[in-house]
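Trainee: There's a structure below that I have some questions on.
The values are calculated or read from the model by the stated rules, or taken from the named source; none is laboratory data. Being a predicted model, the structure only gives us computed values, none of them experimental. So basically every Cβ, Gly included, is an ideal-geometry build from the backbone, and we count neighbours across all protein chains shown.
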Amino acid sequence: MALSCETLPNGLTLRQDDRYFKLGQDSVLLSAFARPRRNARVLDLGCGTGALSLLIYRPDLKITGLEQQSGPLELFRASIADNGVEMTALQGDLRNIRTLIPHGSMDYVICNPPYFDRHAGKSADAPAHRIARQDSSCTVEDIAVASSFVLHTGGKAAFVFRPERLWTLLEALSRVRLVPKRMRFVHQNPSAAPSAVLVECRKGGSGEGLVVEPPLLVESEEYRSIYKK
């Protein structure tokens, strides 16, 4: 076991442990992409150690992190105390969302879901890492259903995902009335294929009006500025 403390771009600190999934680029980029309105009630689905919640933190937001595993959640609660911020760290399985969070009670959902299907990845991965990386404990469909349940009509959700599985995500979202409204692909440089895609959805409404934003290049000043905030 190796404990560490990471200083985030916004100045908050994050406690980490090698046993659990650690801070990565995708959470940082998703936090910069998401646009919760002022005083929004925000739910971080599958929050892990709380990296995304801490990255998106603003004093006006009412943030709840939901996590199934007790170990990462304990680290998240320690980080909340370290930073002296107000957040709720809730333990529970998002597949049981109806017993955990009231229907339509959230304005915004953020989620860095498992990218790979249950047959992907190395069998030597630690169990906690497999839960974070693969959809063996919850599927993309489970995440879409939970997001739609907690959002009121007009509420929004933001996800980061793998481009090669984008259709899996969009199909799951469409089944629960989550309509993509913003999308942005992440590339290493202009000639590289995308390595990630950021998607923001709205619950309900027309399927028209999707905005595909200019690509975010890792080799760019914009990308570097995200890490310097």
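Trainee: Could you give me the residue pairs with C-beta distances under 7 Å whose first residue belongs to region 201-225 and is under 29 Å from Ala146 (Cα atoms), whose second residue is part of a loop (DSSP other than H, G, I, E, B) wherever it lies, and which are 6+ apart or on separate chains?
Mentor: Lys203/Arg177; Gly204/Arg177
Trainee: Let me ask something additional. Residue check, Glu6 against (1) in contact with a Leu (Cβ under 6 Å, 6 or more places away or on another chain); (2) outside any strand (DSSP E or B); (3) over 22 Å from Ser137 (Cβ atoms), all met but one. Which one?
Mentor: With (1) in contact with a Leu (Cβ under 6 Å, 6 or more places away or on another chain); (2) outside any strand (DSSP E or B); (3) over 22 Å from Ser137 (Cβ atoms) applied to Glu6, the lone miss is (2).
Trainee: So the check is Cβ under 7 Å with 6+ separation or different chains; which pairs have a first residue in region 148-169 that's assigned to a helix (DSSP H, G or I) and a second one that's surrounded by 24 or more Cβ atoms within 10 Å (Cβ to Cβ) and aromatic (Phe, Trp, Tyr)?
Mentor: Leu169/Phe159
Trainee: Now for a different question. I'm told Gly71 meets every condition in (1) in contact (Cβ under 8 Å) with a residue 60 or more places away in the chain; (2) in a helix (DSSP H, G or I) except one. Can you identify the failing condition by its number?
Mentor: (1)
Trainee: Pick from Ala196, Ala192: which is at pLDDT 95 or above, surrounded by fewer than 17 Cβ atoms within 10 Å (Cβ to Cβ) and among the hydrophobic types (A, V, I, L, M, F, W, C)?
Mentor: Step by step, each of Ala196, Ala192 is checked, and only Ala192 is at pLDDT 95 or above, surrounded by fewer than 17 Cβ atoms within 10 Å (Cβ to Cβ) and among the hydrophobic types (A, V, I, L, M, F, W, C).
Trainee: Since Ser174 meets every condition but one in (1) assigned to a loop (DSSP other than H, G, I, E, B); (2) over 14 Å from Pro113 (Cβ atoms), which condition does it not meet?
Mentor: Tallying (1) assigned to a loop (DSSP other than H, G, I, E, B); (2) over 14 Å from Pro113 (Cβ atoms), Ser174 fails exactly one: (1).
Trainee: Does region 117-131 include one or more residues that are touching a helix residue (DSSP H, G or I) at 6+ places or on another chain (Cβ under 9 Å), at pLDDT below 95 and in a helix (DSSP H, G or I)?
Mentor: The answer is yes; a qualifying residue exists.
Trainee: I've got another one for you. So is Pro114 exposed (fewer than 14 other Cβ atoms within 10 Å of the Cβ) and either assigned to a loop (DSSP other than H, G, I, E, B) or at pLDDT 70 or above (or both) or not?
Mentor: Judged against the criteria, Pro114 is not a match.
Trainee: Taking region 22-45 only, how many residues are assigned to a loop (DSSP other than H, G, I, E, B), modelled with pLDDT under 95 and of a type outside the set (D, E, K, R)?
Mentor: 2
Trainee: Could you grab me the full set of residues in region 35-54 that are surrounded by fewer than 24 Cβ atoms within 10 Å (Cβ to Cβ) and either out of contact with any Phe, Trp or Tyr (no Cβ under 9 Å at 6 or more places or on another chain) or over 22 Å from Gly92 (Cβ atoms) (or both)?
Mentor: Arg35, Arg37, Arg38, Asn39
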